[in-house]
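Notes to accompany the following structure.
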Amino acid sequence: AQKVTQAQTEISVVEKEDVTLDCVYETRDTTYYLFWYKQPPSGELVFLIRRNSFDEQNEISGRYSWNFQKSTSSFNFTITASQVVDSAVYFCARAAPNRDDKIIFGKGTRLHILP
Amino acid sequence: NAGVTQTPKFQVLKTGQSMTLQCAQDMNHEYMSWYRQDPGMGLRLIHYSVGAGITDQGEVPNGYNVSRSTTEDFPLRLLSAAPSQTSVYFCASSYSHNTEAFFGQGTRLTVV
């Protein structure tokens, strides 16, 4: 199976620090799609971003930014000036172009922002 | 704007009992899926459907059945619950398998 690896199981940082969550994926496809989802302590899963493999431009949305590097098969997520509300589990996921290929999620990184 | 509605939110079953987790979406999405979330295991795909009448197995399908008779509904059936099925279950829907997924609120299932 083509895996998605989030090597950081748990991270703790002090509020206002920057933090980067790593995501490394495996794929045999030329076209594929990458996602990040957030799961706050309340438990719901919230979509953050989707990228396709042809768009390597970095994305910034407020304090959130994503660095997509095909050369290293990585799609890392950075939170700048972290806040307590950023405390959550973050999941990275990969989907292939063929609809019969299964979406693969990483195991998640639990992020604690300490006040 | 309901999105994905998943019921029940909590359930306790005895070993061997059966039950159905309900999932309905009102966004006319073709793709629906069920996941289970266990500590340290992330989200694992149980079954998915690419449209009404079409279902397929995910990563951990054993012990679960699904059907998709309508675009809106995608119920998950546990035929004979086992303690190993204690987990949090999420239903999700999306326009396609590679677009943003909308998740239900989750069902916390305990099998004793």
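Limited to segment B:6-47, what total is found for residues that are within 18 Å of residue B:87 (Cα to Cα) and in a strand (DSSP E or B)?
23
Quick check: anything in segment A:11-24 out of contact with any helix residue (DSSP H, G or I) (no Cβ under 7 Å at 6 or more places or on another chain), assigned to a strand (DSSP E or B), open to solvent by 30 Å² or more (accessible area, probe 1.4 Å) and within 13 Å of chain B (Cβ to nearest Cβ)?
no
Say we look at segment A:27-46 and pick out the residues that are of a type in the set (S, T, N, Q) and in a loop (DSSP other than H, G, I, E, B); which of these is farthest from residue A:95 (Cα to Cα)?
Step by step, filter segment A:27-46, then rank; the result is A:42.
Can you tell me how many residues within segment B:54-78 are over 20 Å from residue B:42 (Cβ atoms), more than 14 Å from chain A (Cβ to nearest Cβ) and either of a type in the set (S, T, N, Q) or open to solvent by 70 Å² or more (accessible area, probe 1.4 Å) (or both)?
Residues meeting the conditions: 7.
Of everything in segment B:83-112 that's of a type in the set (Val, Ile, Thr) and not in a strand (DSSP E or B), which residue is farthest from the other protein chains (Cβ to nearest Cβ)?
B:112
Has segment B:35-44 got any residue that is in contact (Cβ under 8 Å) with a residue 60 or more places away in the chain and either more than 14 Å from chain A (Cβ to nearest Cβ) or not aromatic (Phe, Trp, Tyr) (or both)?
yes
Report, by residue number, each residue of segment B:66-82 that is assigned to a strand (DSSP E or B), closer than 12 Å to residue B:33 by Cα and not acidic (Asp, Glu).
B:66, B:76
Testing residue A:58 on (1) without any contact (Cβ under 8 Å) to a residue 24 or more places away in the chain; (2) within 12 Å of chain B (Cβ to nearest Cβ); (3) surrounded by 12 or more Cβ atoms within 10 Å (Cβ to Cβ), one condition comes back false. Which one is that?
With (1) without any contact (Cβ under 8 Å) to a residue 24 or more places away in the chain; (2) within 12 Å of chain B (Cβ to nearest Cβ); (3) surrounded by 12 or more Cβ atoms within 10 Å (Cβ to Cβ) applied to residue A:58, the lone miss is (2).
Search segment A:27-36 for residues being touching a residue at least 60 places away in the same chain (Cβ under 8 Å) and either more than 10 Å from chain B (Cβ to nearest Cβ) or buried (at least 17 other Cβ atoms within 10 Å of the Cβ) (or both), and hand back the single one that is farthest from the chain's Cα centre (by Cα).
Applying the filter and picking the extreme gives A:29.
Looking at segment B:83-112, which of its residues are surrounded by 15 or more Cβ atoms within 10 Å (Cβ to Cβ), among the hydrophobic types (A, V, I, L, M, F, W, C) and farther than 24 Å from residue A:92 by Cβ?
B:109, B:111
Among the residues of segment A:76-91, are any of a type in the set (D, E, K, R), farther than 24 Å from residue B:89 by Cβ and open to solvent by 30 Å² or more (accessible area, probe 1.4 Å)?
No, segment A:76-91 contains no residue that is of a type in the set (D, E, K, R), farther than 24 Å from residue B:89 by Cβ and open to solvent by 30 Å² or more (accessible area, probe 1.4 Å).
The values are calculated or read from the model by the stated rules, or taken from the named source; none is laboratory data. None of these values were measured; they are calculated from a predicted model. Ideal geometry is used to build each Cβ from the backbone, glycine not excepted, and the neighbour counts take in all protein chains shown. Ligands, DNA and RNA are excluded from the accessible area calculation, which covers all protein heavy atoms including side chains. Shrake-Rupley method; radii C 1.70, N 1.55, O 1.52, S 1.80 Å.
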